[in-house]
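Q: Handing you this structure, nothing more for now.
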């Protein structure tokens, strides 16, 4: 059985990976910071939301997810 | 203080009104479906090709073929929907109604599955009934439900899968539920590839509750699906992989996705808000159910709607999931209400919420002895959908849509006119729609969007096709949207000349004749020969 804390860690990690990946794609692809397009803003927004949700879930501890 | 008798009267009145409204939507849906069952031609692009795939299966032939060789045809979808049509072919003949009936029945089964799941979770009759009817009331489900397309059959299998998987940990028959759920997931995936989101949702739910069983179930599903996949690819000499996987990698426009998300939310606002609220409640206060996870992952399918060739149909899984979870949310509100006053408020609120939602999805014909006056009463008689060449006697809260309207006598006459051209043409017909050639007893030549997809992915050799066009071997070319590779269109332009254009079902169909047969004559005179 997965707990809310474990789910929260997973969701937070997904959010962080998403943000890092979006920024890295821009840096690696262009070789320099090219600024954020709308799609990337959406992706970062969803990543931040995932981190927020994950943080709340982590604080909920060992309750079953 | 309102007396209990008044409250009871209000409650009964609201229940009756709400049920009447949603049964009204069901009636509109049945009328539309019946109209489509009678219509012998393609209504939506690609319907005839789905029927043709079923015909090929009935002959023991694969529809996954080399598109570079005549008749330049292949299917880009998995086989299950087409196989479901095969037993109906002896009854219907080679008629597109066979596939439309399968899809329509699939939507009814989906609605019943939603109602069943809701009743199983919260009991009662009103909310489960409205849960099922609200699915059928959706503009999206209405428009594509009775089409000979596989999407709603996929949604049916997805819904059944979730209903089974939600009980995988039942103490007595959990194993049976899990196996049936996995079977439904397999069926969904082999109906349309997009079911992968529901597969992930279902296995995620099992994983949250029982990691070992999830890994075992996921492995078993992957192995069985993989064996079928491998077998299909071997049996078709690799054409399965090319046509079903590689050809479906299309251009993506995120603006289309954003537009469709906004439209979906605007049309289904109350259901979406309730579904999101229910997901949040389960995530933070309760335990995540299979239903909420399904809703969450169905948004992933919606995110793919920006793909070229995709559209609002990609949200039908989300419509099913939100209809179900919105009903569960209402049940949760009711069971969570403490005290007589709160219970009274919630009891009245539930039908009110369904009533508030109802007009947001408004869609109906606007002419005829029943719908004409109704449309005038609702104030939409003059808010009609405009086609390319005709104004449809139809209103839809979506705004512009190519689907949903009924066919007219003029449409039938136009279809017969086009069919006459096809019958008259000497040799095979290069047609953008399959039903005309099927009804004329001619071979189905080309699946245009598949050719275009393959061409854009660098997977199509057009040399034989263009050579035959240059030799003017096709007795006629029939265009609607001209979704062909540019070199093919160019070759057609050089060798075929427009002789007529016919407005049918709101679209212009362009008839082109081989130039060598026109020989200086007026197009219609040449087209009709010596008649």
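The values are calculated or read from the model by the stated rules, or taken from the named source; none is laboratory data. This one's a predicted model, so the numbers in the text were calculated from it and none came from an experiment. Glycine also receives a Cβ, built like all others from the backbone with ideal geometry; neighbour counts cover every protein chain displayed.
Q: Spot the failing condition for residue B:257; the list is (1) buried (at least 19 other Cβ atoms within 10 Å of the Cβ); (2) within 14 Å of chain A (Cβ to nearest Cβ); (3) more than 23 Å from residue B:138 (Cα to Cα), and only one is missed.
A: Exception for residue B:257: condition (3).
Q: Also, I was wondering about something else. Looking only at the stretch B:65-80, decide whether some residue is within 27 Å of residue B:160 (Cβ to Cβ), assigned by TED's automatic domain parsing to the domain that holds residue B:329 and part of a helix (DSSP H, G or I).
A: Within the stretch B:65-80 (the criterion being within 27 Å of residue B:160 (Cβ to Cβ), assigned by TED's automatic domain parsing to the domain that holds residue B:329 and part of a helix (DSSP H, G or I)), the answer is yes, since at least one residue qualifies.
Q: Of the residues that make up the stretch B:167-178, is at least one crowded, with 24+ Cβ neighbours inside 10 Å and in contact (Cβ under 8 Å) with a residue 40 or more places away in the chain?
A: Taking every residue of the stretch B:167-178 in turn, at least one turns out to be crowded, with 24+ Cβ neighbours inside 10 Å and in contact (Cβ under 8 Å) with a residue 40 or more places away in the chain.
Q: Across the stretch B:460-494, what is the number of residues that are within 16 Å of residue B:246 (Cβ to Cβ) and either crowded, with 16+ Cβ neighbours inside 10 Å or not assigned by TED's automatic domain parsing to the domain that holds residue B:422 (or both)? Don't jump to the end; show me each part of the working.
A: First, the residues of the stretch B:460-494 that are within 16 Å of residue B:246 (Cβ to Cβ): B:460-461, B:485.
Then keep just the ones that are either crowded, with 16+ Cβ neighbours inside 10 Å or not assigned by TED's automatic domain parsing to the domain that holds residue B:422 (or both); that gives B:460, B:485.
Qualifying residue count for the region: 2.
Q: Can you pull out every residue in the stretch B:366-398 that is touching a residue at least 60 places away in the same chain (Cβ under 8 Å) and either in a loop (DSSP other than H, G, I, E, B) or within 14 Å of residue B:137 (Cα to Cα) (or both)?
A: B:387, B:388, B:389, B:390, B:396, B:397, B:398
Q: Answer yes or no as to whether residue B:99 is surrounded by 20 or more Cβ atoms within 10 Å (Cβ to Cβ) and in contact (Cβ under 8 Å) with a residue 60 or more places away in the chain. First the steps, then the outcome.
A: Numbers: surrounded by 20 or more Cβ atoms within 10 Å (Cβ to Cβ): yes; in contact (Cβ under 8 Å) with a residue 60 or more places away in the chain: no.
Here the answer is no, as residue B:99 does not meet what is asked.
Q: Residue check, residue B:529 against (1) more than 26 Å from residue B:245 (Cα to Cα); (2) modelled with pLDDT of 95 or more, all met but one. Which one?
A: (2)
Q: Still on this structure, please answer the following. Every residue in the stretch A:47-65 that is facing another protein chain (nearest Cβ under 9 Å) and assigned to a helix (DSSP H, G or I), please. Spell out the reasoning first.
A: Going residue by residue through the stretch A:47-65, those that are facing another protein chain (nearest Cβ under 9 Å) are A:53, A:56-57, A:60, A:63-65.
Scanning the stretch A:47-65 gives A:53, A:56, A:57.
Q: Is there a residue in the stretch B:30-49 that is in contact with a strand residue (DSSP E or B) (Cβ under 6 Å, 6 or more places away or on another chain) and in contact (Cβ under 8 Å) with a residue 24 or more places away in the chain?
A: We begin by selecting, within the stretch B:30-49, every residue in contact with a strand residue (DSSP E or B) (Cβ under 6 Å, 6 or more places away or on another chain); these are none.
Looking for residues that are in contact with a strand residue (DSSP E or B) (Cβ under 6 Å, 6 or more places away or on another chain) and in contact (Cβ under 8 Å) with a residue 24 or more places away in the chain, one finds none in the stretch B:30-49, hence no.
Q: Do we find that residue B:401 is at pLDDT below 95, outside any helix (DSSP H, G or I) and either crowded, with 18+ Cβ neighbours inside 10 Å or not assigned by TED's automatic domain parsing to the domain that holds residue B:308 (or both) in this structure? Even if it seems obvious, please write down each step before you answer.
A: On the way: at pLDDT below 95: yes; outside any helix (DSSP H, G or I): yes; either crowded, with 18+ Cβ neighbours inside 10 Å or not assigned by TED's automatic domain parsing to the domain that holds residue B:308 (or both): yes.
Against the criterion (at pLDDT below 95, outside any helix (DSSP H, G or I) and either crowded, with 18+ Cβ neighbours inside 10 Å or not assigned by TED's automatic domain parsing to the domain that holds residue B:308 (or both)), residue B:401 qualifies.
Q: What is the residue count in the stretch A:6-36 for residues that are within 21 Å of residue B:257 (Cα to Cα), at pLDDT 85 or above and within 14 Å of chain B (Cβ to nearest Cβ)?
A: 2
Q: Within the stretch A:37-46, identify whether any single residue is within 12 Å of chain B (Cβ to nearest Cβ), surrounded by 13 or more Cβ atoms within 10 Å (Cβ to Cβ), within 27 Å of residue B:287 (Cβ to Cβ) and at pLDDT 90 or above, and answer yes or no.
A: Here is the first cut: in the stretch A:37-46, the ones within 12 Å of chain B (Cβ to nearest Cβ) are A:37-43, A:46.
This time we only want the ones that are surrounded by 13 or more Cβ atoms within 10 Å (Cβ to Cβ), so: A:39-40, A:42-43, A:46.
Still in the list and also within 27 Å of residue B:287 (Cβ to Cβ): A:46.
Filter once more, so that each one left must be at pLDDT 90 or above: A:46.
Yes.
Q: Just a yes or no: is a residue in the stretch B:306-326 surrounded by fewer than 20 Cβ atoms within 10 Å (Cβ to Cβ), more than 14 Å from every other protein chain (Cβ to nearest Cβ), assigned to a loop (DSSP other than H, G, I, E, B) and touching a strand residue (DSSP E or B) at 6+ places or on another chain (Cβ under 8 Å)?
A: Among the residues of the stretch B:306-326, at least one is surrounded by fewer than 20 Cβ atoms within 10 Å (Cβ to Cβ), more than 14 Å from every other protein chain (Cβ to nearest Cβ), assigned to a loop (DSSP other than H, G, I, E, B) and touching a strand residue (DSSP E or B) at 6+ places or on another chain (Cβ under 8 Å), which makes the answer yes.
Q: So which of B:341, B:329, B:337 ends up being in the same structural domain as residue B:116 (by TED's automatic domain parsing), closer than 30 Å to residue B:121 by Cα and surrounded by 21 or more Cβ atoms within 10 Å (Cβ to Cβ)? If you could, list the steps in order and put the result at the bottom.
A: Values: B:341 fails: surrounded by 21 or more Cβ atoms within 10 Å (Cβ to Cβ); B:337 fails: surrounded by 21 or more Cβ atoms within 10 Å (Cβ to Cβ).
Just one listed residue meets the conditions, B:329.
Q: Show me the helices (runs of 4 or more DSSP H) found entirely inside the stretch B:412-531 where at least 3 residues are without any contact (Cβ under 8 Å) to a residue 40 or more places away in the chain. Please lay out each step first, then the result.
A: Working: elements: B:434-439, B:448-456, B:463-470, B:486-495, B:515-518, B:523-527.
In the stretch B:412-531, the matching helices (runs of 4 or more DSSP H) lie at B:448-456, B:463-470, B:486-495, B:523-527.
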